Amino acid sequence: MKVSQKNLKDAKGILVIPFFDNGEQAVQLINESNPFLGLSKEEFNGKLGKTAFITDKFNFQKILLFGLGAEKEFQVEFIRRMAGAAARYAMSIQSKEVNVVCQTEWAQAATEGLVLASYKCITFKSKLEDYTPLENGFIVLKDGNATKEIQKGFILASSQNYVREMNEGPANVSTPEQMVEHAKKLAKENQLKIEVLDKEALKKKKMNTIIGVNQGSTRGAYLVTMEYNADKKNLPFYSIVGKGITFDSGGLSLKPAQSMMDMKYDKTGACVTLGIAKAVSELQLPIRLIACFTVTENMPSGSAQRPGDIVTSYNGKTIEVLNTDAEGRLILSDTLAYIAEKKPEVMIDIATLTGACIIALGSYRIGMYSNDDKLAKTIYDAGEQTYERVWRMPLDSEYLEMMKSDLADLRNVSDSYEAGSITAACFLKEFVGDTKWIHLDIAGVDNNLKPQPYLGKGATGIGVRLIVETLEGLTKK
Ligand code: BES
Ligand code: ZN
Ligand code: ZN
C-alpha cells in the first residue's frame, strides 16, 4: 500500500476525523456545517475510541468520527488507533482508500496505524476470502506538509510488517536456511555487509552452546551478522542481537503439546533484527549498526543434547545444561560474547526468552534489563513514544547466585521456580563483559492471541519501532 498527503477538497470516499472529548462541541460543529445531519450527543461524545458515522451529501461516502478522549490525557498512540480503525473500516466495506484528518506532528503515527492495520498474512491461503487490502492511505492536513513524517512512519511500519510476515512462516517453511536467505536478500537490496557462519564455522570458532542446541536437529545452525555503514568507523557504533529458534520443541526436555503450538514464533528476535536492519538502512540513520542473529531449531533426537551435558561457551565459561528447553540463553551466550568482542558502544538483545516473563508482565509490557541507567531511561522513553512499552527488571547478584552450578561455572536453569525471567537475564549478563547492554524479554508480546487496535491476531513485529527510536535517542544524547 501507499500513503501520501492529500488536500481536503480532493479527498473522497471515507474520511476519518479525530475529536477530543468535548463531544457536544463536536456534534455542534458538525451540525452547524451540515444541518441535515442532525447528529445527537448520544451518538458521539468524543470519548477515547468512540466512533460514529455521518453521511455527507457532498464529497464523501462516509465520514467516521473518532474520539480521542480528554485533551490533557492525549497520547500519540491514539492517532495510531484512529488510523487503524479507519483502515479496518475501509477494508470491511471493500474500499481500497481511506483519508485520515490529522496534524503534521501526528502524521507519522497515522501512517503507522494505516500500514500496520492493513497487513494480514495471506501467503498460505489458496483463496482470498473477505480481505480487500488497502491500496491508498491519505493524510489530510489543515495546513503544512508532512512528507517526511509520512515517509518515516511508512518505513517503520513496513519494516514491522516485514517482520510479521517472516515470523508467521511455520517451521517447515521458515527454516534456519530460509532465515539466512532472508538476510542475504535484505543485505543485497539494502547494501549491508553480511557474514554467515555455518555449523562448520561455528564449530571452528568453538561456539559450542549454539552447536549443542542444534545437535538434535537435521537442519543447520547459523550466526548471521549484517552491518550497516560498515566502513564508516567514525559514526556511533551500536549492535543488536536476536534469538532465532525456528521451532522450540524443548529438545529432550520436551514441551507439552499445548505449549509447543506457538513455538514457531521463537524466532521473533531474529526477525526483529532483520526488520531493524531494514528500517535503519532505509531511514539512513547516521550510525554504524551490527544486526546479528543466531538461528537453529531446538529438537529432540538420538543426537540431541542431554540434560546434564556440560558445554564450554565462546567466552570460555562452562555451562551445565540441566534443561534443554532453556535453549535461548544458550545460543545467546555465544552470540553476545562474539558481538561484544567487536566493542560496540551499546548492545541490545531481543528474545522470546522465558514463560516467566509472561507471568510477570503479561502481554502489554516487554521485560527490560540493563547494566546502564542512562541506556535504560532512553529505551523506556522510546517505549512510551512508540507504545512498544518496556518495564525495567532487576539484575541483583543474588539472582546470579541461583545460576551457579556445582560442577560447571553456570547452570542454564536454577533449581527453583522463582524469578525465571530475571535469572535468565543474569545468565546472559555473564557474556556481555563491560559492554553497555539491554536485554529485552519479548515472550509475552511476540504474537497476539486476540486482535489489538491496529495489530490483528498473530505475529506483532514488536521491537522494530522501539529499538529504532532508541538508537535515534542515543544519537541525540
Ligand atoms: N521459548 C521459550 C520461552 C517462551 C515460552 C516464549 C512461552 C513464548 C511463550 C524458552 O525457550 C523456554 O522454553 N523457556 C523455558 C525456560 C525454563 C525451562 C527455565 C520456560 O520459560 O519455560
Ligand atoms: Zn525453550
Ligand atoms: Zn525458546
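The values are calculated or read from the model by the stated rules, or taken from the named source; none is laboratory data. Please read all numbers here as calculations on a predicted model, not as lab measurements. For neighbour counting, all protein chains shown are included, and Cβ atoms are generated from backbone atoms with ideal geometry for every residue, glycine included. Just the protein is used for accessible areas: all its heavy atoms, side chains included, with ligands, DNA and RNA removed. Shrake-Rupley method; radii C 1.70, N 1.55, O 1.52, S 1.80 Å.
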How many of the residues in the stretch 89-109 are more than 19 Å from residue 11 (Cβ to Cβ) and either touching a Leu at 6+ places or on another chain (Cβ under 8 Å) or modelled with pLDDT of 95 or more (or both)? 3
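Which count do you get for residues in the stretch 374-403 that are of a type outside the set (Ser, Thr, Tyr), under 30 Å from residue 78 (Cβ atoms) and not in a loop (DSSP other than H, G, I, E, B)?
13
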Test residue 235 against the criterion of being open to solvent by 30 Å² or more (accessible area, probe 1.4 Å), modelled with pLDDT of 95 or more and not assigned by TED's automatic domain parsing to the domain that holds residue 125, and give yes or no. yes
Within the stretch 416-448, track down each residue that is free of Cβ contacts under 8 Å to residues at least 24 places away in the same chain and either more than 16 Å from ligand 2 (Cβ to nearest atom) or touching a His at 6+ places or on another chain (Cβ under 9 Å) (or both). 416, 418, 434
Residues being polar (S, T, N, Q) and more than 20 Å from residue 144 (Cα to Cα) - total across the stretch 105-129: 3
Criterion: outside any loop (DSSP other than H, G, I, E, B), within 14 Å of ligand 2 (Cβ to nearest atom) and in contact (Cβ under 8 Å) with a residue 60 or more places away in the chain - qualifying residue of 330, 274: 330
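Taking the stretch 238-256, which residues are small (Gly, Ala, Ser) and open to solvent by 10 Å² or more (accessible area, probe 1.4 Å)?
Taking the stretch 238-256 first, the residues small (Gly, Ala, Ser) are 239, 242, 244, 249-251, 253.
253, the sole residue that qualifies.
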Among the residues of the stretch 153-164, are any part of a loop (DSSP other than H, G, I, E, B), open to solvent by 50 Å² or more (accessible area, probe 1.4 Å) and either more than 23 Å from residue 288 (Cβ to Cβ) or not hydrophobic (A, V, I, L, M, F, W, C) (or both)? no
With criteria (1) touching a helix residue (DSSP H, G or I) at 6+ places or on another chain (Cβ under 7 Å); (2) within 16 Å of ligand 1 (Cβ to nearest atom), residue 328 comes up short on (1)
Examine the stretch 413-432 for a residue that is more than 19 Å from residue 268 (Cβ to Cβ), of a type in the set (D, E, K, R) and outside any loop (DSSP other than H, G, I, E, B), and state whether such a residue exists. yes
Would the stretch 158-173 turn up any residue that is over 30 Å from residue 300 (Cβ atoms) and acidic (Asp, Glu)? no
Among (1) within 16 Å of ligand 1 (Cβ to nearest atom); (2) in a loop (DSSP other than H, G, I, E, B), where does residue 344 come up short? (1)
Search the stretch 227-254 for residues being part of a loop (DSSP other than H, G, I, E, B) and touching a helix residue (DSSP H, G or I) at 6+ places or on another chain (Cβ under 7 Å), and hand back the single one that is nearest to ligand 1 (Cβ to nearest atom). 249
Quick test of your reading of the structure: residue 364 fulfils all but one of (1) of a type outside the set (Lys, Arg); (2) farther than 21 Å from residue 267 by Cβ; (3) not in a loop (DSSP other than H, G, I, E, B). Name the failing condition by number. (3)
What residue, of 421, 405, is closer than 30 Å to residue 448 by Cβ, in contact with a strand residue (DSSP E or B) (Cβ under 8 Å, 6 or more places away or on another chain) and either polar (S, T, N, Q) or not assigned by TED's automatic domain parsing to the domain that holds residue 209 (or both)? 421
Within the stretch 300-342, considering residues that are within 18 Å of residue 289 (Cβ to Cβ) and touching a strand residue (DSSP E or B) at 6+ places or on another chain (Cβ under 8 Å), the one nearest to ligand 3 (Cβ to nearest atom): 335
With the requirement that a residue be assigned to a loop (DSSP other than H, G, I, E, B) and open to solvent by less than 50 Å² (accessible area, probe 1.4 Å), what does the stretch 1-22 give you? 11, 20
Filter the stretch 277-300 for residues that are hydroxyl-bearing (Ser, Thr, Tyr) and within 16 Å of ligand 2 (Cβ to nearest atom); which is nearest to residue 476 (Cα to Cα)? 294
Quick one: would you say residue 358 is open to solvent by 60 Å² or more (accessible area, probe 1.4 Å), within 15 Å of ligand 1 (Cβ to nearest atom) and part of a helix (DSSP H, G or I)? yes
Scan the stretch 238-247 and tell me whether some residue there is among the charged types (D, E, K, R), within 16 Å of ligand 2 (Cβ to nearest atom) and assigned by TED's automatic domain parsing to the domain that holds residue 353. yes
Quick one: how many residues across the stretch 73-104 are assigned to a loop (DSSP other than H, G, I, E, B) and within 19 Å of residue 61 (Cα to Cα)? 4
